[in-house]
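All remarks here apply to the structure that follows.
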């Protein structure tokens, strides 16, 4: 059987000739996943075993042929060619080098989600923006180019009242947006690098199956086992409370920060962050010069502003420092409760952790999100984990979020729609590819209605609000 020709590069340098491992140990392992309930998902990862003869992968060895690229943070890529087509499996960054017995070493890499977890971002407040645009502004702020993002699969609920953050952790912010919208994210490798990819919940629900998997696919020579079939009440949710945080922008600007006096020595630079109780827009700085001269700048964000005062050659004294702006004041709204009485009667009350988010700006959004989560998780769902061996091109092309039609007489499942939640692939010395997929069953039907639709689609119907 023809197998893919795999290539591994480090910092753009081909190290494939060094990729090998002791018997019984995978040569290459990579995988990634996502959480369809809007929860957190770890970064994608890769583990690559290499021959370390001559201490070629000792970062202290200046005479190593890889000395110039054997540095933490260098790009690690895994690609393959099969039937004259190049596939892209992993793009991440070197995080760790682990020496092994027998003259081997293991390279550990994680994708850009790890980078996001180590970065902070500040984005100025904006009204009438979108979640997709907000994600893009965050990526702009941390220097991620437009080619490194795929935010196209955004549903109508992505338009929000306001966005903005102050020195917030990038990964935590992105995960908060997932929680508020029911969207997912992961890093998808591309021909040149990678794309931070988001998929909106409505796209997931309406997507068509990309492939049908059945018992014959899981039999030899394509699989060593059918995989487990997880059936548990841990994922059942039949009650959840979601709280919106609607805000109204004040018509008039008010003083939101003040300081009586500031005295600077000649050439002195004074830098401070001013903090505000509420998100504030149209921020302006004013002051009175008492003596000397200098320059002042304000960099406005959402709940804060960065102030930089630089004194001239004779020093500078200023008084009556003030920042004014239009505050976005929170309105008083009750939280929205979503529940399913039938599920509660069958399985007992299984309450989910409440969601309260600055990114949910209307009660209808809160209700729609809660209803959607109940729809997905009010009943136990099958979660099969099939394991494929050298089934090509399936193992080369399937991605997180792909919708699979699953049929198995052993699992008593017939044409069940499932989503790929995560996967893990290992490649052996014998070029055997083994991939385990974690699937999540999707409810059979979803009826969406919108406010202002037909009478049958209006509020009070049996559908779920699409906002």
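The values are calculated or read from the model by the stated rules, or taken from the named source; none is laboratory data. Every value quoted in this text rests on a predicted model; they were computed, and no experiment measured them. With ideal geometry, Cβ positions are generated from the backbone for all residues, glycine too; neighbour counts draw on all protein chains shown.
A few points about this structure:
- Among the residues listed as 116, 36, 90, the single one being modelled with pLDDT under 95 and crowded, with 20+ Cβ neighbours inside 10 Å: 36
- 2 or more residues over 21 Å from residue 303 (Cα atoms) and in the same structural domain as residue 21 (by TED's automatic domain parsing): qualifying strands (runs of 3 or more DSSP E) within region 88-183: 104-110
- Strands (runs of 3 or more DSSP E) (entirely within region 238-331) containing at least 3 residues that are loosely packed, with under 14 Cβ neighbours inside 10 Å: 254-264, 269-275, 280-300, 304-330
- The residues of region 99-121 that are on the phi > 0 side of the Ramachandran plot and in contact with a strand residue (DSSP E or B) (Cβ under 7 Å, 6 or more places away or on another chain) amount to a single one, 103.
- Among the conditions (1) closer than 30 Å to residue 18 by Cα; (2) in a loop (DSSP other than H, G, I, E, B), residue 401 misses just one, which is (1).
- Residue match in region 154-168 (condition: closer than 24 Å to residue 31 by Cβ and in contact with a helix residue (DSSP H, G or I) (Cβ under 9 Å, 6 or more places away or on another chain)): no
- Odd one out for residue 366, checked against (1) crowded, with 19+ Cβ neighbours inside 10 Å; (2) touching a helix residue (DSSP H, G or I) at 6+ places or on another chain (Cβ under 9 Å); (3) not in a strand (DSSP E or B): (2)
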